[in-house]
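Step one of this worksheet: look at the structure below.
The values are calculated or read from the model by the stated rules, or taken from the named source; none is laboratory data. Predicted, not measured: the structure shown is a model, and the values here were computed from it. When we count neighbours, we look across all protein chains shown, and the Cβ atoms used for this are built from the backbone with ideal geometry, even at glycine.
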Protein chains: 2
Amino acid sequence: MKVAFQGDRGSYSEEAALRFFNASFESVPLSTFSGVYDAVENGRVERGIIPIENSLVGSIHQNYDLLLKHHLKIVGEQNLRIVHNLIAHPGSKLEELTEVHSHPVALGQCQDFLDSHPQLTPHVAYDTAGAVKMIKEKSLEQAGAIAGSFAAEQHGMAILSESIQDEPDNHTRFLILSKDVAEYSENAKTSIVFALKNLPGVLFKALSVFALRDLDLTKIESRPLRKKMWQYYFYLDFVGHVEDEAAKNAIGHLREITTFLKILGSYPTSPPAND
Amino acid sequence: MKVAFQGDRGSYSEEAALRFFNASFESVPLSTFSGVYDAVENGRVERGIIPIENSLVGSIHQNYDLLLKHHLKIVGEQNLRIVHNLIAHPGSKLEELTEVHSHPVALGQCQDFLDSHPQLTPHVAYDTAGAVKMIKEKSLEQAGAIAGSFAAEQHGMAILSESIQDEPDNHTRFLILSKDVAEYSENAKTSIVFALKNLPGVLFKALSVFALRDLDLTKIESRPLRKKMWQYYFYLDFVGHVEDEAAKNAIGHLREITTFLKILGSYPTSPPAND
């Protein structure tokens, strides 16, 4: 099975894929998120894996927008603990480095480390694993990169400082995308997106359709509707499978007050993250 | 009255301030959002103005996080229509330009224009008005900048192409910050932030406290709680003043199911944007 992800080999997305698919897949690294959606849609790969939410920085909004635009199904989710490390050429020493490359979010999550090492000038890179690859390929002996240990392993580079992020509890939730729906599962979660009619208290009414049927919500996210000022799409996750009686009735009830509704998929909930 | 904003003179924030304060204020341009909060908090300025939401790209999350961190009150809001223009040195011609500088969001909102002018290499700048200032100060005669007409005016530069954004309907909502609460107003809106107890259907219950009292919600936004994985702060706006009986009761009711609640301010709703 071919699995596409955004970023270079050794990225957190590839690490999440490794946990989800138990190593039985072929990696297809791509440069953009929308490239991942396209690759699944046009059949170049069977699955795509994309980060949707980080416990510190919040949602990856671009992926919410892409879920709406493309016609793919969510068939699984994977939580991954994010541990950033300072990675450099084997044999190099921390005190000899003068610069550090990484994705801006990763640099931001290692602010305390960077503050206490002012000799390291931060440089913004396209992605974390890509920064490791770049300092290797360009033989930048005085440069480090911030990335996961998996990136060091994949590119044959050394970890100089382990777990350098400010907040130890840092998790990312990834979604697995496919052209077809997942098989039925007992412990399922369902993701939907909808836009509401212009009625008084309409968001309350929308949430009622779940509360009245004891369906628990696990996430709600609003995104602006591009053509209608200050109106929103709501992305909502609830516990249950769309084929279950209660969920089916809730969706039917919700359709009464929506102008748009799309079921993004029902899928087994993720096992606990690796910590 | 001194008013701080992020960005250079002629920025959209300064233009929004001009509409809100009717020109009777002294501008204090600062380089960061958190600098604006600090300036209000330490009394260097009386008011700050910050963008909170754009109708195309959504919320400015950093400002939601800063509202939580700082002890300031929202005392007003201002909607502003965003019109991007290609700005360059007076006398220069579009066909002579080879590069264009702007904030990445503004570049992204002018994608069609950039696609149809492939001779213009895009360069990322710190902010829109700052890009205009930079090409002026560095005498970059072959460079253009994408910014509002107010930026061209403030820096004595020329508009070569007007209204070059892909989507004509592009609005940003700004908030006005102060150390003290606003005077009571009839047509008020209230902004609050809260975290919920871990109870079944608790978000539904939270929204009930407003629905049961006919208080309309105008916005809901979730942001992760940094220390507790997959739990959220909810930022919510509702129509009404916190001193009104119904709003007071709703807030009291909400406190029964929250672990944290902060009232960010009650303030007059914005007049329609300039379009």
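Here are a few things to note about the model shown:
- Selected residue (criterion: surrounded by the most Cβ atoms within 10 Å (Cβ to Cβ)) from residues of the range A:198-245 that are among the polar types (S, T, N, Q) and in contact with a Lys or Arg (Cβ under 9 Å, 6 or more places away or on another chain): A:Ser222
- In the range A:33-73, the residues that are β-branched (Val, Ile, Thr) and either modelled with pLDDT of 90 or more or not in a loop (DSSP other than H, G, I, E, B) (or both): A:Val36, A:Val40, A:Val45, A:Ile49, A:Ile50, A:Ile52
- Residue pairs meeting the criteria (Cβ under 6 Å; at least 6 apart or on separate chains; first touching a residue at least 60 places away in the same chain (Cβ under 8 Å), in the range A:129-147; second in a helix (DSSP H, G or I)): A:Ala129/A:Ala151; A:Val132/A:Ala151; A:Val132/A:His155; A:Lys133/A:His155; A:Ile146/A:Ala106; A:Ala147/A:Thr128; A:Ala147/A:Ala129; A:Ala147/A:Val132
- Residue tally, condition over 30 Å from B:Ser116 (Cα atoms) and among the hydrophobic types (A, V, I, L, M, F, W, C), over the range B:38-97: 12
- First in the range B:68-80 and under 24 Å from B:Ser55 (Cβ atoms), second anywhere and small (Gly, Ala, Ser) and in a strand (DSSP E or B), Cβ under 8 Å, 6 or more apart: B:Ile74/B:Ser191; B:Ile74/B:Gly265; B:Val75/B:Ser178; B:Val75/B:Gly265
- Here the condition is being under 20 Å from B:Val202 (Cα atoms) and in a loop (DSSP other than H, G, I, E, B); of A:Leu236, A:Leu215, A:Leu254, it holds for A:Leu215 alone.
- Test: residue in the range B:112-128 that is acidic (Asp, Glu) and farther than 30 Å from B:Thr218 by Cα: yes
- Out of A:Ser178, A:Ser185, A:Ser222, sole residue that is among the polar types (S, T, N, Q), in contact with a Gly (Cβ under 9 Å, 6 or more places away or on another chain) and at pLDDT below 95: A:Ser222
- All conditions but one from (1) facing chain A (nearest Cβ under 9 Å); (2) over 21 Å from A:Asp237 (Cα atoms); (3) not in a loop (DSSP other than H, G, I, E, B) apply to B:Lys205; the one that does not is (2).
- Verdict on A:Ser191 being facing chain B (nearest Cβ under 7 Å) and either outside any loop (DSSP other than H, G, I, E, B) or within 16 Å of A:Lys262 (Cα to Cα) (or both): no
- Test for B:Glu15: is it surrounded by 21 or more Cβ atoms within 10 Å (Cβ to Cβ), under 15 Å from the mean Cα position of the chain (by Cα), over 25 Å from B:Leu140 (Cβ atoms) and not assigned by TED's automatic domain parsing to the domain that holds B:His241: no
- Annotation: of all residues in the range A:59-93 being out of contact with any Leu (no Cβ under 8 Å at 6 or more places or on another chain) and among the hydroxyl-bearing types (Ser, Thr, Tyr), the one that is farthest from A:Met134 (Cα to Cα) is A:Tyr64.
- The set of residues in the range B:216-250 that are among the β-branched types (Val, Ile, Thr) and farther than 19 Å from B:Leu67 by Cα contains only B:Val239.
- Pick from the range B:11-38, criterion touching a strand residue (DSSP E or B) at 6+ places or on another chain (Cβ under 6 Å) and among the hydrophobic types (A, V, I, L, M, F, W, C), ranking: farthest from B:Pro268 (Cα to Cα): B:Leu30
- Filter result for the condition that a residue is within 14 Å of chain B (Cβ to nearest Cβ) and not small (Gly, Ala, Ser), over A:His71, A:His61: A:His61
- Candidates B:Val124, B:Val36 - the one that is aliphatic (A, V, I, L, M), free of Cβ contacts under 8 Å to residues at least 24 places away in the same chain and over 21 Å from B:Ser163 (Cβ atoms): B:Val124
- Conditions (1) polar (S, T, N, Q); (2) in contact with a Leu (Cβ under 9 Å, 6 or more places away or on another chain); (3) crowded, with 21+ Cβ neighbours inside 10 Å: number failed by A:Ser34: (3)
- Candidates in the range A:18-32 are the residues that are away from every other protein chain (no Cβ under 14 Å) and assigned to a loop (DSSP other than H, G, I, E, B); of these, the one that is farthest from the chain's Cα centre (by Cα) is A:Ser24.
- For the range A:46-58, the candidate set comprises residues that are more than 14 Å from chain B (Cβ to nearest Cβ) and either within 13 Å of A:Gln6 (Cα to Cα) or free of Cβ contacts under 8 Å to residues at least 40 places away in the same chain (or both); within that set, the residue that is farthest from the chain's Cα centre (by Cα) is A:Arg47.
- Of all residues making up the range A:75-102, the number that are closer than 16 Å to A:Phe150 by Cβ and out of contact with any Gly (no Cβ under 8 Å at 6 or more places or on another chain): 5
- Residue count for the range B:215-251, restricted to those that are touching a Pro at 6+ places or on another chain (Cβ under 8 Å) and facing chain A (nearest Cβ under 7 Å): 2
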